[in-house]
Amino acid sequence: MKKNILLFGLAFVGGFTYERYFPYVKAFISDKGQKNDDHSFKSMLEQGNYIQPKVIDIMHSSPDKHFLHNFIAQHNEALNVFKIYYPDKLEQKIYSDNLESEDKIHLHFVFNAADHLQGHSSIVHGGLLATLIDNAFGQLSYLASGQIPTATANLNINYRKPVKTNHDYMITAEIDKIEGRKVFLKATIYDQDKTICTEATGLFLTVQWGGQMWKNALDKIKEVTQIDDKIVKIDQKKKE
Ligand SMILES: CCCCCCCCCCCCCC(=O)SCCNC(=O)CCNC(=O)[C@H](O)C(C)(C)COP(=O)(O)OP(=O)(O)OC[C@H]1O[C@@H](n2cnc3c(N)ncnc32)[C@H](O)[C@@H]1OP(=O)(O)O
């Protein structure tokens, strides 16, 4: 009888731990099923000490996926490359809730759209570019406003040159200014020769709704990071 209770207890704790942490641990160790891990901007970003935000990996593997992550997961063949980068210094600050207003918050987002996303033949649909820019702005404004959710109030896009399918492009998005609840942003899409293909500006306003799943994902990262820290400390003690 005691043995059965013990086994039941172990199964419960094991199941709970698996359910709670597995998606997040998996996100850290998996290759996220990317068809192509390489792209034209990789060495430039590595040299600039850019890294991929862990929260994005987590959204890919988490049941709380939002629209773009669902879209990518469900249409695995739509984007050959989908990678978001920001300065490595920024990551540590975000997870330690230590982001300061003078930190120059920006991100780079490399994408390569497959034929599935063409509008005209071999040209990426402008609506997809708007979506990618909108999402980049959403992420940046969320971080810049101290992890308060924001909503798109205004988005302006100038399509200067066609963006081709099956080619690598980089979106660079940055904060222009912040005035109270208003976050003003700007973005540019470059091709591999640094030619500007698309320019955008946006106004995002902080809102009371919609941010809980991102907050949960960030909290999970903090928990997993704390677990990692503890393992590192235990390993260090063993060596001493
Ligand atoms: C690393 C990553 C971490 C994860 C990150 C999370 C990623 C998430 C990514 C997902 C991203 C997905 C993103 C999405 O898809 S968000 C979904 C699409 N957007 C919406 O659904 C928003 C719909 N609109 C609204 O709900 C309201 O209109 C909002 C909330 C925007 C403002 O209504 P609210 O009642 O709150 O404010 P207010 O009207 O008193 O105005 C306040 C001030 O703002 C000024 N104003 C307002 N509108 C405009 C305008 N259009 N141009 C210029 N100015 C404008 C206004 O004049 C006033 O100025 P002032 O008189 O005070 O000077």
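The values are calculated or read from the model by the stated rules, or taken from the named source; none is laboratory data. Please read these numbers as outputs of a predicted model, since none were measured by experiment. Because the Cβ atoms are built from the backbone with ideal geometry, glycine has one as well, and the counts that use them run over all protein chains shown. These area figures cover heavy atoms from the full protein model, side chains too; ligands, DNA and RNA do not enter into them. Shrake-Rupley method; radii C 1.70, N 1.55, O 1.52, S 1.80 Å.
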inquiry  = If a residue must be more than 10 Å from the ligand (Cβ to nearest atom) and under 20 Å from D219 (Cβ atoms), how many such residues does the range 123-144 contain?
reply    = 1
ask   = Tell me, which residue of the range 158-171 that is surrounded by fewer than 16 Cβ atoms within 10 Å (Cβ to Cβ) and of a type in the set (S, T, N, Q) is nearest to the chain's Cα centre (by Cα)?
value = N166
remark   = Within the range 68-91, the residues that are free of Cβ contacts under 8 Å to residues at least 40 places away in the same chain, closer than 20 Å to I171 by Cα and hydrophobic (A, V, I, L, M, F, W, C) are F71, I72, A78, L79
task = Could you tell me whether any residue of the range 190-213 is of a type outside the set (S, T, Y), assigned to a strand (DSSP E or B), within 16 Å of the ligand (Cβ to nearest atom) and open to solvent by 60 Å² or more (accessible area, probe 1.4 Å)?
result = no
request  = Could you please find all residues in the range 172-189 being over 30 Å from S121 (Cα atoms), open to solvent by 40 Å² or more (accessible area, probe 1.4 Å), assigned to a strand (DSSP E or B) and in contact with a Ser or Thr (Cβ under 8 Å, 6 or more places away or on another chain)?
outcome  = D176, I178, F184
remark   = Among the residues of the range 123-148, the number that are farther than 19 Å from I171 by Cα and surrounded by fewer than 20 Cβ atoms within 10 Å (Cβ to Cβ) is 3
task = Of the conditions (1) among the basic types (K, R); (2) assigned to a loop (DSSP other than H, G, I, E, B); (3) within 15 Å of the ligand (Cβ to nearest atom), K161 clears all except one; give me its number.
result = (3)
request  = Would you mind listing the helices (runs of 4 or more DSSP H) fully within the range 1-85 where at least 3 residues are hydrophobic (A, V, I, L, M, F, W, C) and at pLDDT below 65?
outcome  = 2-29
remark   = The correct count of residues that are touching a residue at least 60 places away in the same chain (Cβ under 8 Å) and either within 18 Å of S121 (Cα to Cα) or in contact with a Pro (Cβ under 9 Å, 6 or more places away or on another chain) (or both) in the range 159-171 is 2
